[in-house]
There are 2 protein chains.
Amino acid sequence: MLRTNTCGELNKQHIGQNVTLCGWLQRSRNLGGMTFIDLRDRYGMTQLVFNMETNAAICEEARSYGREFVLQVTGKVAERSNKNLNMPTGEIEIIVDKVVVLNKAQTPPFTIEENTDGGDDIRMKYRYLDIRRNPVKEALLLRAKVAAETRTYLNLQDFVEVETPVLIKSTPEGARDFVVPSRMNAGEFYALPQSPQTFKQLLMVAGMDKYYQIVKCFRDEDLRADRQPEFTQIDCEMSFIEQEDILNMFEGMTRHLFQNVKNVDIGELPRITYAEAMRDYGNDKPDIRFEMKFVDIKSATAGKNFKVFDDAESVIAICAKGCASYTRKQLDELTEWVKRPQIGATGLVYLRFNEDGTLKSSVDKFYSEADLKVWAEKCNATPGDLILVLAGGDSRTRKAMSELRLEIGSRLGLRDKNVFKPLWVLDFPLLEYNDDAKRWHAMHHPFTAPKPEDIALLETDPGKVRANAYDMVINGVEVGGGSIRIFNKELQQKMFGILGFTPEDAQAQFGFLMNAFEFGAPPHGGIAFGFDRLCSLFGGADSIRDYIAFPKNNSGRDVMIDSPSTISDEHLKELAIRVAK
Amino acid sequence: MLRTNTCGELNKQHIGQNVTLCGWLQRSRNLGGMTFIDLRDRYGMTQLVFNMETNAAICEEARSYGREFVLQVTGKVAERSNKNLNMPTGEIEIIVDKVVVLNKAQTPPFTIEENTDGGDDIRMKYRYLDIRRNPVKEALLLRAKVAAETRTYLNLQDFVEVETPVLIKSTPEGARDFVVPSRMNAGEFYALPQSPQTFKQLLMVAGMDKYYQIVKCFRDEDLRADRQPEFTQIDCEMSFIEQEDILNMFEGMTRHLFQNVKNVDIGELPRITYAEAMRDYGNDKPDIRFEMKFVDIKSATAGKNFKVFDDAESVIAICAKGCASYTRKQLDELTEWVKRPQIGATGLVYLRFNEDGTLKSSVDKFYSEADLKVWAEKCNATPGDLILVLAGGDSRTRKAMSELRLEIGSRLGLRDKNVFKPLWVLDFPLLEYNDDAKRWHAMHHPFTAPKPEDIALLETDPGKVRANAYDMVINGVEVGGGSIRIFNKELQQKMFGILGFTPEDAQAQFGFLMNAFEFGAPPHGGIAFGFDRLCSLFGGADSIRDYIAFPKNNSGRDVMIDSPSTISDEHLKELAIRVAK
């Protein structure tokens, strides 16, 4: 080793020892008689001291080193006179008597500091420098920790990690596949997996019983902010289980991760149905760090000649605790906010429950104080609260109100990144109707089992059929989702029929799975967690980008290596493809 | 859970308990008054008993079940009268009082037994049935165990698992890349990584210090037997180290794996140089489970008018202990064996050191008994041994002798699959001359550092330059290899020059790495292990195929899912490519 210690481990106990450290020059301070250098490595930072009086030559030399020089220094650990108790090595410094410059460095294009002066583009281009920054480094270390703890838990539970193939077969269902031309099979293509779904089901048919994999998946979609063409899943499947077993197993995993990564006890996870989530939060991934549930006040508003409410399919209120003091200006601004196209409400009605017990609303013309009292009671409002009301078509109103609720939650500071409130959302609809394609789509995927008691509805009212499907939601983010699978060939064929596959299409695309089901498929089900998102959530970040070592930008480019790029004509020829002009 | 226990865990302690098991019907025996069924799951096999006398209905029903039916059975654990102490559950059986057929099964196309009647092709097509067989299942469980123990060791050593991207940039150096057309960047392609080499070096520049990843890699090569287009590596890199540190760290990992997976103490690993390996074994991946080192007897054969030896660049002998009794027929057959084109020798000379102390050779015409005695002494032969001699051009003769040595080792039973003899091979040449391309190629890869003391030779005699490169070899198989890297931009540019890259080519292909080296690259080095091969070695298998859940055949096809396959014209159009007719 070129070092005896790392830059993160020396403390008072090491005083007097001779040590050798390696690392990068973080900063240098020339104080005339002395020069201080902070030397940084993955493990921390250590202060080096060079003294003009005792060793002028080496001190002069040290003053010539630039930021990010790679140094090997040897010296004696000494107690600092000016201690910094905020850092683990803050009580000591190294009196240096030898330095080797292992490598020089150009001045980096942005500062390698907690908060850098570099914009996103330049940070991506020099990602290897960005990772030297503490927040990015810590994000990657956190990711490794989450992966390790995931494996610890699942291995203990007798899950087997099995690698499924990356070069698989293209399936038109769902998002677009990335494809790979096959040189040995001219004119044919592999596809990169959007998920190992069919393989994990085949592993259950194969008797592997409990499978998991932390695995790269691929989707060739137009990238919205914070989507990546390649992403990582914690992918799991179990046999001989019921939904309850999966919920318990992965609630256990989530608890283990929070305990061991964040040192947080999340307790038991609440469970709500999809229907309840839509009723109470207008959202199938509710943020339950705060209450502020929807209150349906339609009946309390009816018959008072307020046409907007009378004509509305739904009139929904939320109660913003302690917000009665909102000024007219603030309320106007909120009204503008809900009327933005992204939110899509046509207007906002408010009701102030003043501290003095009086009620004041924007629709006083239509509703008496007694009428408004009923609203307030329905909303469990108390003096000082503000009730906000949206009205209109049910689905649109709930969607808009969900956004408003989250916005108010944020404004009230109720969405603390250090508070974690996971829950299960259950009983998703099996199917959703696609108006464009004029057919039913699988809400989860085509292998999801309907609830046994709803199977009869498949023929008569497909939209009413609930699935044995579940999502894990944390702080308003869907981090995991899964289902109990259909393991019976007839039911699977019926599902393909409802989804508009001809028997031939179904056979061509999923034949191998349906055939496998003929040879003794066990009851099975599973779940997949979005690993990048889970890590960013643990890290308290909004973006997944810093939790991926080498992410791509919104055009799917890696600007550091400048990829994708053209390939040679010879290579194209070997692959039997041409670039269309 | 649909079960209270697995099929592998019940024993005498459970006698009298009521249990529910789930699994597959392995076999059924109708003995008239009784029917026995062996029920199998991932964890083992349990005997079920159905009695005509006590429960005729259920017994009759059980007799109708076919192989691989999926059953859920409930009953009482009872002591067997006829114990099978070879299996963990062999002392008990289940007196069944309830059976649910969870799924029926068609008769599988081959037997689901330890040794199946199915050929390779059909086993691949129905891989999900093949995995039900014990040897394949055990191979996959072993793989998971090796992965888990690898992570345990490396995590303890402070390595960070970092995922590097799968969609990267094509580089013409080395094997052919698989490519992925980019829809969002028409006419451009991603490449799938042949290894994360440049990314792991960038992670060192980024200060990650110790990196590892168990990672899929891809090579579009014509598949020889036992090569896969996608394969898995244990990929590692460390900073601020010297070669000795890498050797110790990964010798430690190998020791940990053997101890914890195989319960074998492999002791300290021998180290030999590439030059010694070629001298003693004619092979840079020697199988040292047995000695039988090469002996250069050229000087002892000279000047006796045997033109074959006199004209030969090299005359090399090995001593096959105890083989003097080989018959003339056996020796003729060996001679034919070495003359096959794959081996390429022109003939084989033998010398029998008979039990009675006499010497008998195939070249008695030219050599006296005293001459032959010298050969025998050089080979440390004792009565009963057989000396085998090949002669000719040095490199060709060593190659042929290496094959002969391995063949004799196998015939003598010296290559026991349960004996493991790892070693390090060091000091590989940095470069090898490619006669076709008329230029130097990197023997390892273009980032490998020359030994500092050999750098001067780069200008004068590039073929003599040794690299700081090392391979780990186990039982004649190269399982890992790596090197100390060049971390200095000037030396890297010089290497690219020697390898025939123009500065523009080097900049276009590796510019991002060379640029990174300008910002303070630390000294670093690493290693990669072939994970599939390592697993098959641990499992004592010759082929890697059963250590991969869903392998491809020699045409790169997955015959189970029938991939690769054609994709739609619409998809091709979106990707801006055409299939060349």
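Structure summary
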{"read-out": "Karplus 3J(HN,Hα) series, Hz, for segment B:220-228 with 6.51 cos²θ - 1.76 cosθ + 1.60 (x for Gly, Pro)", "value": "8, 10, 5, 7, 6, 3, 6, 10, 10"}
{"read-out": "Residues with amide H under 5 Å from that of A:Glu163, placed H, sequence gap 5 or more", "value": "B:Ala549"}
{"read-out": "Ellipsoid semi-axes in whole angstrom, largest first, where each is sqrt(5λ) of the Cα gyration tensor of segment A:393-485", "value": "30, 18, 10"}
{"read-out": "Shielding score for A:509-520, defined as the mean number of other chain Cβ atoms within 10 Å", "value": "6"}
{"read-out": "Cysteines (scope chain B) whose Cβ has no counterpart Cys Cβ under 4.7 Å", "value": "B:Cys7, B:Cys22, B:Cys59, B:Cys217, B:Cys236, B:Cys323, B:Cys535"}
{"read-out": "CD proxy at 222 nm, helix term only [per DSSP H run n ≥ 4: -39500 (n - 2.57); per residue of chain B; nearest 500]", "value": "-8000 deg cm²/dmol"}
{"read-out": "Cα-based Rg and Dmax for segment A:200-267, where Dmax is the largest Cα-Cα distance (Å)", "value": "15.4, 40"}
{"read-out": "Amide hydrogen neighbours beyond the local backbone of A:Ala449, cut-off 5 Å, H modeled", "value": "A:Asn468, A:Ile484, A:Arg485, A:Ile486"}
{"read-out": "Segment B:356-377 versus segment B:33-103: alpha-carbon centroid distance in Å", "value": "70"}
{"read-out": "Other protein chain Cβ atoms within 10 Å, averaged over every residue that makes up B:236-244", "value": "3"}
{"read-out": "C-alpha center-to-center spacing [segment B:561-581, segment A:420-491] in angstrom", "value": "31"}
{"read-out": "Cα-projected label distance for A:Glu355 with B:Asn86, points at 7 Å along beta-carbon direction, nm", "value": "8.7"}
{"read-out": "Coarse-grained scattering of the protein assembly as shown at q = 0.08 Å⁻¹, given as base-10 log I(q)/I(0) from a Debye sum over alpha-carbon atoms", "value": "-1.07"}
{"read-out": "Copies compared at A:Thr4 - label distances in nm, ascending, label defined 7 Å from Cα in the Cβ direction", "value": "6.4"}
{"read-out": "Solvent-accessible ranking of A:Lys169, B:Lys464, largest area first, probe 1.4 Å", "value": "B:Lys464, A:Lys169"}
{"read-out": "Ranked order, A:Ser81, B:Ser239 - accessible area, probe 1.4 Å, largest first", "value": "A:Ser81, B:Ser239"}
{"read-out": "Cα centroid of segment A:497-559 to Cα centroid of segment A:233-258, whole Å", "value": "17"}
{"read-out": "Other copies of A:Ala275: label-to-label distances in nm, shortest first, labels 7 Å along the beta-carbon direction", "value": "8.3"}
{"read-out": "Other-copy label distances relative to B:Asn30, 7 angstrom Cα-Cβ extension, nm", "value": "9.8"}
{"read-out": "Coil-residue GluC sites (Glu not before Pro) of segment B:338-410, DSSP, other Cβ within 10 Å capped at 15", "value": "B:Glu355"}
{"read-out": "Per-residue SASA entry for B:Lys421, accessible area with 1.4 Å probe, Å² rounded to 10", "value": "90"}
{"read-out": "Other-chain or far-sequence residues with amide H under 5 Å of A:Asp97's (modelled H)", "value": "A:Thr74, A:Gly75, A:Lys76"}
{"read-out": "Which of B:Phe258, B:Phe306 is most accessible, then next, and so on - probe 1.4 Å", "value": "B:Phe306, B:Phe258"}
{"read-out": "Segment A:79-157 - Debye-derived log10 I(q)/I(0), Cα point model, q = 0.20, 0.23, 0.24, 0.27 Å⁻¹", "value": "-1.01, -1.04, -1.06, -1.12"}
{"read-out": "At R0 = 41 Å, FRET efficiency that the Cβ-Cβ distance of A:Thr566 and A:Glu138 yields, to 0.05", "value": "0.65"}
{"read-out": "Which listed pairs, of A:Lys200/A:Lys285; A:Lys298/A:Lys421; A:Lys399/A:Lys494; A:Lys329/A:Lys378; A:Lys145/A:Lys216, have C-alpha distances above 23 Å, in listed order", "value": "A:Lys200/A:Lys285; A:Lys298/A:Lys421; A:Lys399/A:Lys494; A:Lys329/A:Lys378"}
{"read-out": "Directionally averaged shadow of segment A:12-103, computed from the convex hull of its alpha-carbon atoms, nm²", "value": "5.5"}
{"read-out": "For residues of B:554-562, the mean tally of beta carbons on other chains within 10 Å", "value": "5"}
{"read-out": "Over chain A - Rg/Rh using Cα atoms and the Kirkwood inverse-distance radius", "value": "1.05"}
{"read-out": "Calculated P(r) tail over 27 Å for segment B:290-411, as whole % of Cα pairs", "value": "7"}
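The values are calculated or read from the model by the stated rules, or taken from the named source; none is laboratory data. These numbers were taken from a predicted model, which means no experiment stands behind them. Every residue, glycine among them, receives a Cβ derived from its backbone with ideal geometry; neighbour counts consider all protein chains shown. We work out accessible area using only protein heavy atoms, side chains counted, and drop any ligands, DNA or RNA first. Shrake-Rupley method; radii C 1.70, N 1.55, O 1.52, S 1.80 Å.
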